[in-house]
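The values are calculated or read from the model by the stated rules, or taken from the named source; none is laboratory data. None of these values were measured; they are calculated from a predicted model. Here the Cβ positions follow ideal geometry from the backbone for every residue, glycine too, while neighbour counts run over all protein chains shown. In case anyone asks, the SASA skips ligands and DNA or RNA and just uses the protein heavy atoms, side chains included. Shrake-Rupley method; radii C 1.70, N 1.55, O 1.52, S 1.80 Å.
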Amino acid sequence: MDSLNSGSEQTKETETSDTEPDVVNAQWKAVSESLREEIGEAAYQSWIKPIRVRNIDKGIVHATVPTRFMRDWIVAHYAERIATLWQDEVPEVASVDVAVRNDRAKKAARETIKRQTPPPAGTHPSTSPSSREGVSAALDSRFVFDNFVFGKPNEFAYAAARRVAEADRVPFNPLFLYGGVGLGKTHLMHAIAWQIRQTTPERRVVYLSAEKFMYRFVQAIRESTTMDFKDQFRSVDVLMIDDVQFIAGKESTQEEFFHTFNALVDQGRQMVISADKSPSDLVGMEERLVSRLNCGLVADIHATTYELRLGILQSKVANLKTDIPPKVMEFLAHKITSNVRELEGGLNRIVAHAQLIGRDITIEATQEVLHDLLRANDRRVTIEEIQKQVASHFNIRISDMHSARRARSVARPRQVAMYLSKQLTARSLPEIGRKFGGRDHTTVMHAVKKVEELKTSDPGFAEDIELLRRMLEG
Ligand code: ADP
Ligand code: MG
């Protein structure tokens, strides 16, 4: 059954499958590359690289990983995204199935993982080599206060971060920074760490992602070194844990984190935490941990404004050798609204292009070079908005979108909302099903088919759908 040769990059398959193994491998390569861009090198190395895709059968991608822990983690965090990305390549793909592969492969993979901790050198070109901060992840040299542009949406978080970095006594504990993806949480945390390491090098600052914290913890359990693990973390002066939403629903990691947290706070050490949501909005977080997280200063980083985006672009361009016409920068600030990371990415691509062709970049050229990014930044509709709009259009309650009621009067609008979710968002069928009261992806598939049928047989219905679509996209 398991003919996997875990040492090689491209595993040759001998099993029969719907799709040619080479084709599957090529698709997986494309999907995993996109994912690598999204989640970063370290997470890619830890979780995505060890995945082997075996075959695609009846719309299900069958993949294997070396351990059960990895399987659970990938299922919880990446499987859906992989399915969605795969759908962009092959629309028939509905979901991803992840299984654990045999022992021999497992051993080899475990060695690979070990070699990858701490993160592979070269991911961050200039990092702090201080071995004293052994447990800490590397700091990005660009993420300093001087490079952080502040404006209305982030000035409070910025001020709080500076305060923590400059104070000789803990001003508030913890500092909890939260906000959406790519809005500067990690940047601010690194900036705090850099500044403290510079001004008071005797203080021990440790920065790491919650994902890594969990990984270390699980590793310590596996290797029976939990005492060392505890010692490492309980002897730091400033502990920063990034993206703490990762440990939501992970009970034993939360337990350990809670104790570490309390031990440090009780000793007057500084904690800095980030998450994508406020403490109270973190689903799957223990009550006592939430209340602890709420105890200090909670600082929200809001979505960027046009002015802030333009300011960030200007500051980045000032550090470059290339000239970008103000019109183009305004265009970018106007169009790329999702987050700063994408804005930077767009700018970098423009700069590379300008250097390559050796003349001024125009708005037309920008549109061409960044067409994919610009399209992705076109207004994104959420499933929640669709449910709300459709419910109000058909005069039913929003809760009926999730309910089990099967009466035609609510079932039909629900199907319409599922259909529109499929059409207007990048969500996969299983994701959509989950948002509709935990329904199966086949139910969503059925709804999509049903609505398509009705659209052709009933012009009035088709008009209704068109109207809804325009309202949602408008
Ligand atoms: P988050 O951790 O919130 O997802 P990051 O801190 O990784 O976001 O920021 C994403 C990218 O955007 C980084 O390259 C960061 O330097 C940049 N960035 C975000 N906010 C700002 C800002 N206010 N000024 C300058 N650069 C920023
Ligand atoms: Mg971050």
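Let me know the whole percent of all Cα-Cα pairs from the range 185-278 that are separated by more than 20 Å.
Values: 1545 of 4371 pairs.
Everything past 20 Å amounts to 35 percent.
Counting only Cα atoms, the size of the range 114-301 along its three principal axes is 47, 38, 30 Å, in decreasing order. Solvent exposure of Tyr215, expressed as accessible area, is near 30 Å², computed with a probe of 1.4 Å over the protein chains only. Taking every DSSP beta bridge with both residues inside the chain, roughly what % is antiparallel (nearest 5)? Beta bridges within the chain, antiparallel portion: roughly 15 percent.
Mind checking the full-extension length gain between His446 and Ala426? Use 0.36 nm per residue of separation minus the Cα-Cα distance, one decimal, nm. Separation in residues times 0.36 nm, less the Cα-Cα distance, equals 5.4 nm. For Val100, nonlocal amide neighbours, meaning residues 5 or more places apart or on other chains whose placed amide H falls under 5 Å from its own, are Val65. Sorting Thr425, Thr253 by solvent-accessible area of protein heavy atoms yields Thr425, Thr253, largest first, with a 1.4 Å probe. Quick one: in the range 135-208, what % of C-alpha pairs are over 22 Å apart? Here the long-distance tail beyond 22 Å is 16 percent of all Cα pairs in the range 135-208. Computed over the range 376-473, the P(r) curve from all C-alpha pair distances, binned at 5 Å from the origin, holds 3, 14, 27, 27, 20, 8, 1, 0 percent per bin.
Find the percent of Cα-Cα distances in the range 260-329 that exceed 21 Å, and round it to a whole number. Write out the running numbers ahead of the final one.
Details: 1251 of 2415 pairs.
Result: 52 percent of Cα pairs exceed 21 Å.
Computed with the Debye formula from one identical point scatterer per Cα of the range 230-370, without solvent, the log10 of I(q)/I(0) at q = 0.11, 0.18, 0.21, 0.22 Å⁻¹ comes to -0.61, -0.90, -1.12, -1.22.
Heavy atoms only, 1.4 Å probe, whole protein assembly: order Leu183, Leu370 by accessible area, highest first.
Numbers: Leu183 20, Leu370 0 Å².
Putting Leu183, Leu370 in descending order of accessible area: Leu183, Leu370.
Centre-to-centre separation between the Cα atoms of the range 264-280 and those of the range 412-474: 42 Å. Put simply, the amide H of Leu370, placed in the peptide plane, has no neighbours under 5 Å, leaving out anything fewer than 5 places away on its chain. Modelled this way, with points 7 Å down the Cα-to-C-beta line, the labels at Asn319 and Asp266 are 4.2 nm from one another. Among the listed pairs Lys422/Lys450; Lys185/Lys230; Lys29/Lys212; Lys185/Lys435, those whose Cα-Cα separation exceeds 19 Å are Lys185/Lys230; Lys29/Lys212; Lys185/Lys435.
Once neighbouring chains are kept in place and the probe is 1.4 Å, which whole percent of the accessible area of the chain is contributed by carbon and sulfur? Result for the chain: 50 percent of the exposed heavy-atom area is carbon or sulfur.
Each Lys and Arg contributes +1 and each Asp and Glu -1, all at the Cβ; summed about the Cα centre of the range 114-301, the dipole is approximately 340 debye.
If the segment from Ser403 to Lys327 were pulled out straight at 0.36 nm per residue, it would be longer than the present Cα-Cα gap by 22.4 nm. Under the rule of -39500 (n - 2.57) per DSSP H run of 4 or more residues, summed and divided by the residues of the chain, what mean residue ellipticity at 222 nm is obtained, to the nearest 500 deg cm²/dmol? Calculated from helices alone, the mean residue ellipticity at 222 nm is -16500 deg cm²/dmol.
Need one word for the range 363-418: rounded, prolate or oblate. Basis is the Cα gyration tensor (sqrt eigenvalues a ≥ b ≥ c); a/c below 1.5 gives rounded, then a/b vs b/c decides.
Numbers: a/c = 4.60, a/b = 4.12, b/c = 1.12.
The shape class here is prolate.
Diagonalising the gyration tensor over the Cα atoms of the chain and scaling each eigenvalue by 5 before taking the square root yields semi-axes of 38, 30, 26 Å, largest first.
With Cα atoms defining each centre, the range 145-202 and the range 370-405 are spaced 35 Å apart in the structure.
May I ask you to order 26-33, 156-163 by the average number of other C-beta atoms within 10 Å around their residues, highest value first?
Per-residue Cβ counts within 10 Å, averaged per peptide and sorted highest first, yield 156-163, 26-33.
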